[in-house]
Amino acid sequence: MTQSGSTTKAAFFARIRDEMRKTPGLFAATTAPRPPAPRRLAETIRRELSERWPQTLERFRREFERVGGDFHRVATVADVPGLVARIARERGGRRVVTWHPTALGVDLTSGLAAQGLESLTMPAAGGGDGPERTALRDKIAAAEIGLTGADLAIAETGSLVLVSGGGRPRSTALLPPYHVAVFDREALVESLEQAGVFFEAWHEGPAEPGRGAAIHVITGPSRTADIELTLTRGVHGPKEVHAIFVDAPIRG
C-alpha cells in the first residue's frame, strides 16, 4: 500500500472513531451463556407455554402482521387445503409444492387435489443430484404456492423458523412467490432467547438422519430497496408470506 493510501485509510477510520465518540453510551451487551442441558430446558419451556400459548399466539399474530405477513387461523388441519385453495385462486395460481408428509406432519395431497390444485410433494430423501436436482428446482420455481410447516413461530418478532432437510428443502419456502406455512401451538415460542435454546437443543448430540445444514428465520415477505429507497417485494424471495395456525394438533 502506498503512503497516500495508508494515510487515507487512517483518516477514514479516524473519522469513524470521531463519530462514534459523539454517540451516547451503548447498552451493555454480553454473550448469552450456552445452556448445559438445552433439550431439558426446551422441554421446560414447552410445559410453561402450554399454559399461556393463547397470549403467545396473539402476540405472534400482531408482530407477524406488523412485518407484512398474512395470518390465518383454522380449527383443524382438514381446513388447510380449502384455505390454501382460496389463497391460490385470489392470486391466479393453482400449482402448489409442499413438504413431504413426514416433514409437514400430515398428508394434504388428496385435500389439495379435491380443491382443484395441482400439487407436487417433495421427495422424502432429497432431490437427488445433478439433472434430477435441477429439474426439481425448476418445478418448485414454477409453482405459485410453497406450502411448508414451521419448526418455530417466534412471537417477539413475528418470525417463522424453518429447518431444511429430507422432505423439506429450503427452496420450497424461497422460490414460489407465495409462501404458506402451517403450524400449531407446538411451534410457538415467546422470544428470540427461547428460540436460541431450541437451536442448541437441535444440535445437542449426534445429528439426526436427514437433517439439513440450513436454518431459516423468515420475518415477513422479501423486501428490496434501490438507491432511491423504492421498496419492491418478491425480488429475492416470496412477495407474500402466509401463516396458518391450526387449533388442533397437526400430528395426531
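The values are calculated or read from the model by the stated rules, or taken from the named source; none is laboratory data. Computed from a predicted model, the values in this text were never measured in an experiment. Cβ sites come from the backbone with ideal geometry, for glycine too, and all protein chains shown count toward neighbours.
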Notebook entry, point to check: If we keep just the residues of segment 37-72 that are under 16 Å from the mean Cα position of the chain (by Cα), of a type in the set (Phe, Trp, Tyr) and in a helix (DSSP H, G or I), which is farthest from residue 88 (Cα to Cα)?
Noted result: 60
Checklist line | Count of residues meeting criterion [in a helix (DSSP H, G or I) and β-branched (Val, Ile, Thr)] in segment 162-202 | finding: 2
Checklist line | Count of residues meeting criterion [over 30 Å from residue 57 (Cβ atoms) and not in a loop (DSSP other than H, G, I, E, B)] in segment 121-155 | finding: 12
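Restricting attention to segment 203-222, which residues are surrounded by 19 or more Cβ atoms within 10 Å (Cβ to Cβ) and either in contact (Cβ under 8 Å) with a residue 40 or more places away in the chain or assigned to a strand (DSSP E or B) (or both)? Let's see the steps before the verdict.
First pass over segment 203-222, keeping only residues surrounded by 19 or more Cβ atoms within 10 Å (Cβ to Cβ): 218, 220-222.
Listed by number, the residues that qualify are 218, 220, 221.
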Checklist line | Search result, residues across segment 132-143 that are buried (at least 18 other Cβ atoms within 10 Å of the Cβ) and out of contact with any Pro (no Cβ under 6 Å at 6 or more places or on another chain) | finding: 136, 140
Notebook entry, point to check: Among all residue pairs at least 6 apart or on different chains, which show Cβ distances below 7 Å where the first residue, located in segment 60-75, is over 13 Å from residue 181 (Cα atoms) and the second is of a type in the set (Phe, Trp, Tyr)?
Noted result: 61/71; 65/71
Next item on the list: Output the qualifying pairs, or none if there are none: Cβ atoms under 6 angstrom, residues six or more apart or on different chains, first residue in segment 167-178 and touching a residue at least 12 places away in the same chain (Cβ under 8 Å) and among the β-branched types (Val, Ile, Thr), second residue surrounded by 20 or more Cβ atoms within 10 Å (Cβ to Cβ) and not in a loop (DSSP other than H, G, I, E, B).
Entry: 172/97; 172/146; 172/148
Margin query: Can you list residue pairs whose Cβ atoms sit under 8 Å apart, with the first residue in segment 85-101 being part of a helix (DSSP H, G or I) and the second being of a type in the set (A, V, I, L, M, F, W, C) and modelled with pLDDT of 95 or more? Count only pairs 6 or more apart in sequence or on different chains.
Written below: 85/112; 85/117; 87/145; 87/180; 88/96; 88/117; 88/145; 101/108
